[in-house]
Amino acid sequence: MKAAPEYKDCDFSVVKPLTIVDIDTLILYRTNFENGELNLFEIIEAYQDYVDFKSASDSNYERSNTTFRCIR
């Protein structure tokens, strides 16, 4: 996409890796999100930092399978 002429003015530096959170996890932590104990966006950022998507390796792949709950 970056090389396509129709996207030449797009700022790709703000695009983050895709992170999938299952609905059960969101339901489980709903109360924590509502009362401000947890911030979903901060948890996702911490997870992405922990996994380190920028350097692809087998160990990073294994880290990407870490449960959402373990990152804080």
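The values are calculated or read from the model by the stated rules, or taken from the named source; none is laboratory data. Because the structure is a prediction, the values reported are computed rather than measured. Counting neighbours? That spans all protein chains shown, and the Cβs are built from the backbone with ideal geometry, glycine included.
Among residues of the stretch 10-29 that are part of a helix (DSSP H, G or I), those with a Cβ under 8 angstrom from a residue that is at pLDDT below 85 and surrounded by fewer than 12 Cβ atoms within 10 Å (Cβ to Cβ), sequence gap 6+ or separate chain, pair up as PHE12/MET1; PHE12/LYS2; THR25/ARG69.
When the stretch 21-48 is filtered for residues that are within 12 Å of the chain's Cα centre (by Cα), surrounded by 14 or more Cβ atoms within 10 Å (Cβ to Cβ) and not aliphatic (A, V, I, L, M), the ones remaining, listed by number, are GLU45, TYR47, GLN48.
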